[in-house]
Amino acid sequence: MSKKTILLMFLAALAACSAQPEARLSAILGRGWLNAAARSPDGQTIAAASSLGVWLYDSITAPPRLLSGHTRSVSAVAFSPDGARLASGSWDRTIKIWNVQTGETLLTLEGHGGDVNAVAFSPSGDMVASGGADNTIRLWDAATGQPLSTLQGHQNAVEALAFSLDGALLASAGRDNTARLWDVATGAMLNVLSGHTDGVNGAAFSPDGGALVTVGNDGSARWWDVRSGEERRALENSSGAVLSLAFGPDGALLATGGDDRTITIWDAATGEQHSTLRGHSGSIKSLNFGDDGALLSAGEDGTIRLWDTTTGAELAAIGGYSGSLNSLAFSADGTTIYAGSGGLLTGDNAIREWDVKTGALLDTLRGEQGAVLSLAISADGALLASGTDYGTLQIWNLPGENILRDIHGHNNRVLSVAFSPDGALVASGSADTTARLWDITTGEQVGQIRSSGGPVRNLSLGAGGALVSSADISETVKLSNFTTGSGLNMMCSHGDGITGTAFSPDRARVASAYWDNLIRVWDIAAGRQVAEMKGHTANILSVAYSPDGRLVASGSLDYTARLWDAASGRELAVIRGHIGAVHAVAFSPDGRTLASAGDDGTIRLWDVSAFR
C-alpha cells in the first residue's frame, strides 16, 4: 500500500471523526448559588462568591464578569485595603489572589487540607489569612504567596476571620463553639472566648479595637473585651442562628443577619435594637458596611442587596443566583424554562422562570417551604405543578404565577408530577411509595396506587398504552397503573435502588437507572429488557426521553449529562461543563435543545439538533 493511499485513508478517518455530531453549549442560565458578597473600600465594586466562581460588578448596576479558576464552589471573598486585589477561598482547598481591574489570577495559595471557609486581608494589605475545614488558620505573604505561619487550636472547622484595625490581632470563629484571639506577629493564641453553645459563624472588631463581637448558631451575638477576654453582653435571637455581622464605619451601629431572613441594626454602645431591614426571603449569609454607611447583604435567596441603614430603604438589588437545582420543565411553547431549587447544599427553595432566548430571569416563585424536587407543565401551558420534599403538591396559574391550589396528602417527598392531557387532573408520585391522582378543580384525591417496590420516581398520564396491571417487569423496576372511569390511565414506575426513570412518549417503554450506574430500557408489554446504556461512572439521577422517542438523556453524580440512542443504547455524547452533580435533564418541546441542571445552580442549554 502506497504512502499516498495510507495518507488518504488517514485523512478520511480523521474527517469521519470530525464529522461526529456534538452537543453544543448554547447558553448558561444563572450565576450559581451565592455564598457571600463583599464591597470594595471605595464602595464601587462588588464581589460575589458563588458555586461558579467569583462574580465582579464594577457597579451595582453593571453586568458582572466572572473570575474563573477555582474547581469547586467559592465560599469567601475579601478585598485588599486599596481595593486593587481580591482574595477568594474555595472548597477546592485553595486561596486565589486576583487583580480586580484585569481579572488576572496573581497567586494561588495551597496548603489547607479541607475546604477554605474564610479569607481576610490585613489592614496593611501585606498579609492574607485563611481558615478552613482542616481546623487551621494560615497566614500568607500577600505579595509572594509564601506561607508565613499556621495557627492551630480550633477543634473544628474555622468559619470566619477578622483582623483588628492595627493588624496586631486576628480573631477566628469556629464550629467548636469558640472564638479565639491570636497575636499575628508571633502566632500565639491569646484567648479562647467560650460562651456560645453552638458553632460560631462570624467575628468583628469594633473600630476602636476594644471589643470583639461574635455571632453563632445558638442565636446570640456576644460582646467580648479584647484585652481580658471577658464577655460583656449577650443579645439573644430566638428566631434561629445568626450567621453574619458587620460594624458600621464609625462603630456606632452593628448589623446582624441570620436564619430569620431579616437584618437587625443595633446600637453598638447600648445593645438596643435600632431597626430591622426586611426584603430577603432566605438566610442572610454575609454583611458588609461601606465607608459611606451603606450596608451590603448577601442572602440564601440568591440576591445581593444594598441598604440605607438610616432610613431602612433598599437602595438596589442584584439577582440571578439560585440554589442547587433539582428539577426542570420547559413551557409548552419552549420559550421559557422553569427550574426548581433547594436541598442540602443551599436552602434557596424556589422556582425560577428563565427566558430561553435571552437568558433573562423572568420570575421567582416561592410557595411551600422545602426543596422543589419535581415540576410539570400542562399541555396547554396554563398550569405548573411542583412537588416538594415536604410532601406538598402545588398548582400554579401561568402566566401570573399565583398559587391556584395547595394539595396535601403525601407524607414524604414528592418525586414526580404529571398532568392529564386535558389538564383537569394531576398525578404525584412520592417517596411514601404512593402515586396519587388529584382533581385540580376540587383538590380532591380521585385515585391512588400504593406500591411495595419503593419510591415512585416517574409518572405518565394518558389514554391506553401498552400496560400490564401491577406488573413487575424486572426484579428492580416495577410498574403499576390505575384507570379512571373515563379511561384515563395513570402509570408509575418505582423500585428499590432505582435512581431515575422515564417513560417513552408512546408509553411503550421505560428507561430505568439503577445503583449500578446503568440505564436499562424495557419493553413494557413484553416485560423484557431491550437496551442497556453504559458509561456513567457514578449514580444516575435523572433520565428523559426526547419528544420523538429517539433519544434518551441522563444526568449523574459524575458531573456529566449524556445522550443515548434510545433503540440501541449506544452512547452518542458525553456532555461536560457542570461543576457538580447533574440532577435534572429535559428536552425542549421541539427536541432541539437539551437542558441540564444540578448542584452548581446553573441551567445549561445544549443544542442537540445534530442528533435528530
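Residues that are surrounded by fewer than 24 Cβ atoms within 10 Å (Cβ to Cβ), within 16 Å of the chain's Cα centre (by Cα) and of a type outside the set (Ser, Thr, Tyr) are absent from segment 295-318. Filtering segment 106-127 down to residues that are in a loop (DSSP other than H, G, I, E, B) and of a type in the set (D, E, K, R), which residue is farthest from the chain's Cα centre (by Cα)? Ranking the qualifying residues of segment 106-127, first place goes to 126.
Of the residues screened, residue 339 is one that is closer than 19 Å to residue 588 by Cα and out of contact with any Cys (no Cβ under 8 Å at 6 or more places or on another chain). Residues in segment 128-149 that are closer than 17 Å to residue 186 by Cα and within 32 Å of the chain's Cα centre (by Cα) were compared, and the one that is surrounded by the most Cβ atoms within 10 Å (Cβ to Cβ) is 129.
A Cβ distance below 6 Å, combined with a sequence gap of six or more or placement on separate chains, defines the contacts here; from segment 541-562, residues that are under 18 Å from residue 460 (Cα atoms) and surrounded by 22 or more Cβ atoms within 10 Å (Cβ to Cβ) reach residues that are modelled with pLDDT of 95 or more and among the polar types (S, T, N, Q) in the pairs 543/554.
Go through segment 279-353 and tell me which strands (runs of 3 or more DSSP E), entirely inside it, have 1 or more residues that are of a type in the set (Phe, Trp, Tyr) and closer than 26 Å to residue 159 by Cβ.
In segment 279-353, 284-289, 304-308 are the strands (runs of 3 or more DSSP E) which contain 1 or more residues that are of a type in the set (Phe, Trp, Tyr) and closer than 26 Å to residue 159 by Cβ.
Output yes when any residue across segment 48-56 is under 23 Å from residue 325 (Cβ atoms), open to solvent by 10 Å² or more (accessible area, probe 1.4 Å), in a strand (DSSP E or B) and in contact with a Leu (Cβ under 9 Å, 6 or more places away or on another chain), and no when none is. Checking segment 48-56: at least one residue is under 23 Å from residue 325 (Cβ atoms), open to solvent by 10 Å² or more (accessible area, probe 1.4 Å), in a strand (DSSP E or B) and in contact with a Leu (Cβ under 9 Å, 6 or more places away or on another chain). Taken together, 95, 60 contain a single residue that is crowded, with 23+ Cβ neighbours inside 10 Å, β-branched (Val, Ile, Thr) and either assigned to a strand (DSSP E or B) or out of contact with any His (no Cβ under 9 Å at 6 or more places or on another chain) (or both), which is 95. Taken over segment 178-205, the criterion of being open to solvent by 10 Å² or more (accessible area, probe 1.4 Å), within 19 Å of residue 165 (Cβ to Cβ) and touching a residue at least 40 places away in the same chain (Cβ under 8 Å) is satisfied by 184, 203, 204, 205. Name, by its number, the condition in (1) polar (S, T, N, Q); (2) surrounded by 22 or more Cβ atoms within 10 Å (Cβ to Cβ); (3) assigned to a loop (DSSP other than H, G, I, E, B) that does not hold for residue 512. Checking residue 512 against (1) polar (S, T, N, Q); (2) surrounded by 22 or more Cβ atoms within 10 Å (Cβ to Cβ); (3) assigned to a loop (DSSP other than H, G, I, E, B), the one that fails is (3).
The set of residues from segment 354-404 being hydrophobic (A, V, I, L, M, F, W, C), buried (at least 17 other Cβ atoms within 10 Å of the Cβ) and part of a loop (DSSP other than H, G, I, E, B) comprises 356, 371, 398.
Of the set (1) assigned to a strand (DSSP E or B); (2) open to solvent by 10 Å² or more (accessible area, probe 1.4 Å); (3) more than 20 Å from residue 611 (Cα to Cα), all apply to residue 538 but (1). Selection within segment 594-612: residues that are polar (S, T, N, Q) and more than 20 Å from residue 511 (Cα to Cα). The member of this set that is least open to solvent (accessible area, probe 1.4 Å) is 602.
Condition test on residue 186, is it part of a strand (DSSP E or B) and farther than 14 Å from residue 214 by Cβ? Criteria not met by residue 186. For beta carbons closer than 7 Å, sequence separation of 6+ or different chains, a first residue in segment 412-423 that is surrounded by fewer than 15 Cβ atoms within 10 Å (Cβ to Cβ) and a second that is not hydrophobic (A, V, I, L, M, F, W, C), the qualifying pairs are 412/391; 412/430; 412/432; 421/462.
The values are calculated or read from the model by the stated rules, or taken from the named source; none is laboratory data. Values in this document were obtained by computation on a predicted structure and should not be read as measured data. Please note: Cβ atoms are built from the backbone with ideal geometry, for glycine as well, and neighbour counts cover all protein chains shown. Just so you know, the surface numbers come from the protein's heavy atoms only, side chains and all, with ligands and any DNA or RNA stripped out. Shrake-Rupley method; radii C 1.70, N 1.55, O 1.52, S 1.80 Å.
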